[in-house]
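Input: a single structure, listed below in structure tokens.
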Protein chains: 2
Amino acid sequence: MEVVLGVSNRHIHLSKEDYITLFGDEELVKVRDLVQTGEFASNLFVTIATSKNKIEKVRVLGPLRSYTQVELSKTDCYFLGLDAPIRTSGDLTDACSVTIIGPCGTLTKNCAIIANRHLHLNHEDRVRLGLVNVEKISIKVKSNKSAILNDVYVKETPQGVLEVHLDTDDANGCFLKTGDMVELIF
Amino acid sequence: MEVVLGVSNRHIHLSKEDYITLFGDEELVKVRDLVQTGEFASNLFVTIATSKNKIEKVRVLGPLRSYTQVELSKTDCYFLGLDAPIRTSGDLTDACSVTIIGPCGTLTKNCAIIANRHLHLNHEDRVRLGLVNVEKISIKVKSNKSAILNDVYVKETPQGVLEVHLDTDDANGCFLKTGDMVELIF
């Protein structure tokens, strides 16, 4: 079975409190809907800094969440001097400390992770595909640098839309881009 | 069968003529031997520039070769605005134009590629492993982001030492580093 791929570049999710610290009363404007229902790319950016380096133009995704989370690639982490853990979005256990710089303020918190490879779906998809109680699967990707990528976590949400998410390291390593089709293996 | 992994960060090989343009009469000093016999990391760096961006501190590998070649990752290529082809080292067909900046001079030439995944070996290894007439194999890598990577080209040279080379996109995507062991599949 084939599913569409979404490649996640580095980005940030913000809590309301942290949003106000960084952007004051500026409005979070939707630039583009993402595939996952309700999620969108906004018009706003922050700078992520560490004592070693900084990365500018990290996009804020909307809507605001109950927590602040920076999702980086391993390549970004080497650049910033971080040893961030691989996590499912929302799990900030042992997340690395980074400084987030916005136009109205700055804050430093333990919120940087590397998101795991994952498959978005809703409960109906999960039952239909026979993935109830399955924690992770593999995907087969076709390109001039083809591969089977394991450790793809099944991420069920009520509004989930069938889509595989990879970070830029995996996608660039395998010469893949958003919109490519990948084969689920389980 | 397990083989050691070498992760190739972006680097440059230089012809004697181009070396003199960039570095004048400065000596190419060995800093560290690489696994492949005779190859070494030098003390010298160049900047690689395009109309979009530039990457500083790209290391010169020695010894000098009969051609100049810049090896980049796909991530580097996005940053520089290049659509470089995947090639075996030494094959500069359709290589991208970049500007190379050294302390003594600058040159622009079609020399940027993305090196393919490859397995170094010598003829004896090839015969022993049953890889005569085999163009490419796969490797199985173990980590928290495990994978089977295909399209690993078999690269025989007289002085070849058994070693798999991946670029930083593949290595970072799969949480691998130089010295890790990978399993050959063929």
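The values are calculated or read from the model by the stated rules, or taken from the named source; none is laboratory data. Computed from a predicted model, the values in this text were never measured in an experiment. Using ideal geometry, Cβ is built from the backbone for each residue, glycine included, and neighbour counts are taken over all protein chains shown. Quick note on the areas: whole protein, heavy atoms, side chains included, nothing else; ligands and nucleic acids left out. Shrake-Rupley method; radii C 1.70, N 1.55, O 1.52, S 1.80 Å.
Side notes on the structure shown:
- Placing A:Asp18, B:Asp94 in order of accessible area, with the largest value first and a 1.4 Å probe, yields B:Asp94, A:Asp18.
- Exposure ranking of B:Thr88, B:Thr37 by accessible area [1.4 Å probe, largest first]: B:Thr37, B:Thr88
- Accessible area of A:Glu135 (1.4 Å probe, protein heavy atoms only, ligands and nucleic acids ignored): about 120 Å².
- Projected over every direction and averaged, the convex hull enclosing the alpha-carbon atoms of segment B:10-115 yields 6.1 nm².
- Accessible area per residue for segment B:127-186 is 45 Å², calculated with a 1.4 Å probe on protein heavy atoms, without ligands, DNA or RNA.
- Cα lying deepest toward the dipole's positive end in segment A:10-115, options A:Cys111, A:Val46, A:Phe79, charges on Cβ: A:Phe79
- Translational D in µm²/s for chain A (Stokes-Einstein at 20 °C, 1.002 mPa s, Kirkwood Rh from C-alpha pairs): 125
- Its relative contact order, with pairs defined as Cα atoms under 8 Å and 6+ residues apart, puts segment B:118-185 at 45 percent.
- Whether segment B:1-69 is rounded, prolate or oblate, judged on the alpha carbon gyration tensor where a/c under 1.5 counts as rounded: oblate
- Label distances, nm, A:Tyr78 versus same residue in remaining copies, Cβ-directed 7 Å point: 1.5
- Local charge for A:His120 was computed over the other residues whose Cβ lies under 14 Å away, with Lys and Arg +1 and Asp and Glu -1, and equals -1.
- Equivalent ellipsoid dimensions for segment B:118-185 as semi-axes, Å, which come from the Cα gyration tensor, largest first: 22, 12, 10
- Each other copy places its own label point for B:Gly105 at 5.6 nm from this one, sorted shortest first, where the point lies 7 Å along the Cα-to-beta carbon line.
- Each residue of segment A:9-17 was assigned a 3J(HN,Hα) from its phi angle through the Karplus expression (A = 6.51, B = -1.76, C = 1.60, θ = phi - 60°), giving 6, 3, 7, 9, 9, 10, 6, 4, 4 Hz with x at Gly and Pro.
- Flagged links, alpha-carbon separation over 22 Å, of B:Lys16/B:Lys57; A:Lys142/B:Lys140; B:Lys54/B:Lys155; B:Lys140/B:Lys177; A:Lys57/B:Lys109: B:Lys54/B:Lys155; A:Lys57/B:Lys109
- In this assembly of identical copies, the label point of B:Asn9 (Cα plus 7 Å along Cα-to-Cβ) is separated from its counterparts by 2.4 nm, sorted shortest first.
- Solvent accessible area, Å² - B:Leu28, 1.4 Å probe, full protein context: 40
- Taking all protein chains together and rolling a 1.4 Å probe, A:Arg10 ends up with roughly 80 Å² accessible.
- Positive minus negative residues near A:Thr157 (Lys, Arg vs Asp, Glu; Cβ under 11 Å): -1
- Aspartates and glutamates with Cα under 12 Å of A:Lys136, excluding same-chain neighbours fewer than 8 positions away: A:Asp151, A:Glu156
- Whole-percent P(r), the protein assembly as shown, all Cα pairs, 20 Å bins from 0: 27, 54, 19, 1.
- Segment B:118-185, accessible surface, carbon-and-sulfur percent (1.4 angstrom probe): 50
- Cα-centre dipole for segment B:1-132 with unit charges at Cβ (Lys and Arg positive, Asp and Glu negative), debye to 20: 280
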